[in-house]
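**Student:** Mind looking over this structure? Questions follow.
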Amino acid sequence: MNTALVTGASSGFGQAICRKLIADGYKVIGVARRADKLQKLADELGHKFCPLTMDVTKKDAVESILLQLPKDFQPIDILVNNAGLALGLEPAYQADYNDWQTMIDTNIIGLVHLTHQILPSMVERNFGYIINLGSVAGTYAYKGGNVYGASKAFVKQFSANLRTDLLGKKVRVTNIEPGLCGGTEFSNVRFHGDDAQAAKVYQGVEYITAEDIANTVSWLVNTPSHFNVNSIEIMPVAQAQAGLSVYK
Ligand code: NDP
Ligand code: 8X3
């Protein structure tokens, strides 16, 4: 394994994953929409990092930009489909339709675009690793999780179906399913820039950090090539699936 492409590299998990993979000796292509944030990361990480400004929801742009990658950063051995977001925490009957559309476009369609573009070359070389960022929300329902949780359930099932199609090939697929993770922009984005509301999510809780997720990715890619971690669910000790609730 040599070169990784990490989506959502301008913040949170993605940024930490880029840092960790570079420290591990990989070349890394970092994808996001905010060019200024990517450039800052490029200034920090140096020539082994290739910033790539791209909106993963735009199929034609994804295809043409990936075809123009610098030769040094081809082929891609590791794809980390991390770009994603939650928007809103209202019940389904009060949710904003545009928020739903954006989550579907990013968490599902964007991930599918990148996978469809990059997977064939991995299969051709019988070598590669796709790591998807799912969520505990893809398994456990919670109030206001509606389309976000459903989009992560897609990621979980898509990962399982990819593994089925890749049976016998040395192309691995893992779905990482984190729970409460702070220190990223996730909740600021979910609450449309209401930083005070976002901060409340993490108040008094020792949450998972982006570095914890980056260390997990680093461990995964350094496992032997015959070995597949199908999925990995990670929560802080402060969080648990604590049973059904009944409204009274
Ligand atoms: P952040 O909001 O900190 O980072 C999200 C990243 O996705 C940003 O770099 C953003 O970059 C990028 N992104 C969003 N939309 C697009 C797009 N259309 N095209 C390209 N890049 C895009 O969130 P986290 O790091 O916390 O989350 C990363 C992933 O992990 C997400 O998929 C999230 O659902 C998942 N996750 C997060 C958890 C948490 O508690 N934080 C827990 C479980 C899963 P830019 O805006 O510059 O495009
Ligand atoms: C992010 C974790 O619990 O906010 O996927 O949905 S949660």
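The values are calculated or read from the model by the stated rules, or taken from the named source; none is laboratory data. Worth saying up front: this structure is predicted, and the values here are computed from it rather than measured. Every residue, glycine among them, receives a Cβ derived from its backbone with ideal geometry; neighbour counts consider all protein chains shown. Surface accessibility is based on the protein's heavy atoms, side chains included, excluding ligands, DNA and RNA. Shrake-Rupley method; radii C 1.70, N 1.55, O 1.52, S 1.80 Å.
**Student:** Pull up the range 72-94, narrow it to residues that are charged (D, E, K, R) and assigned to a loop (DSSP other than H, G, I, E, B), then point me to the one that is nearest to the chain's Cα centre (by Cα).
**Tutor:** Taking the candidates together, the pick is ASP77.
**Student:** Just to be sure before I move on: is ALA35 of a type in the set (Gly, Ala, Ser), more than 16 Å from ligand 2 (Cβ to nearest atom), open to solvent by 10 Å² or more (accessible area, probe 1.4 Å) and closer than 15 Å to MET54 by Cα in the structure I sent?
**Tutor:** Spelling it out, ALA35 is indeed of a type in the set (Gly, Ala, Ser), more than 16 Å from ligand 2 (Cβ to nearest atom), open to solvent by 10 Å² or more (accessible area, probe 1.4 Å) and closer than 15 Å to MET54 by Cα.
**Student:** Okay, moving on. Of all residues being basic (Lys, Arg) and within 16 Å of ligand 2 (Cβ to nearest atom) in the range 108-161, which is most open to solvent (accessible area, probe 1.4 Å)? Just the residue, please.
**Tutor:** Residues of the range 108-161 basic (Lys, Arg): 125, 143, 152, 156.
Add one more test, that the residue is within 16 Å of ligand 2 (Cβ to nearest atom), and what stays is 143, 152, 156.
Numbers: LYS143: 167, LYS152: 12, LYS156: 70 Å².
Residue satisfying both the conditions and the ranking: LYS143.
**Student:** While we're here: Which pairs do you get when a residue that is outside any loop (DSSP other than H, G, I, E, B), found in the range 223-248, comes within reach of a residue that is of a type in the set (Ser, Thr, Tyr), reach meaning Cβ atoms under 9 angstrom, with the pair 6+ apart or on two chains?
**Tutor:** Sorted first by the residue in the range 223-248, then by its partner, the pairs are SER231/SER159; SER231/THR174; ILE232/THR174; ILE232/THR216; GLU233/THR139; ILE234/THR216.
**Student:** Out of the residues in the range 122-156 meeting the condition of being without any contact (Cβ under 8 Å) to a residue 24 or more places away in the chain and farther than 21 Å from GLY8 by Cβ, tell me which one is nearest to ligand 1 (Cβ to nearest atom).
**Tutor:** TYR142
**Student:** Okay, moving on. Can you tell me which condition ASP105 does not meet? The list is (1) of a type outside the set (A, V, I, L, M); (2) under 25 Å from TRP219 (Cα atoms); (3) more than 14 Å from ligand 2 (Cβ to nearest atom), and all the others hold.
**Tutor:** Among (1) of a type outside the set (A, V, I, L, M); (2) under 25 Å from TRP219 (Cα atoms); (3) more than 14 Å from ligand 2 (Cβ to nearest atom), ASP105 violates only (2).
**Student:** Select, from ILE213, ILE208, ILE176, the only residue that is of a type outside the set (D, E, K, R), touching a Cys at 6+ places or on another chain (Cβ under 6 Å), within 27 Å of ILE22 (Cα to Cα) and in contact (Cβ under 8 Å) with a residue 24 or more places away in the chain.
**Tutor:** Testing whether each residue is of a type outside the set (D, E, K, R), touching a Cys at 6+ places or on another chain (Cβ under 6 Å), within 27 Å of ILE22 (Cα to Cα) and in contact (Cβ under 8 Å) with a residue 24 or more places away in the chain leaves just ILE208.
**Student:** If you don't mind, there's one more thing I want to ask. Can you confirm whether ILE22 is open to solvent by less than 60 Å² (accessible area, probe 1.4 Å) and over 17 Å from LEU114 (Cβ atoms)?
**Tutor:** So ILE22 passes the test.
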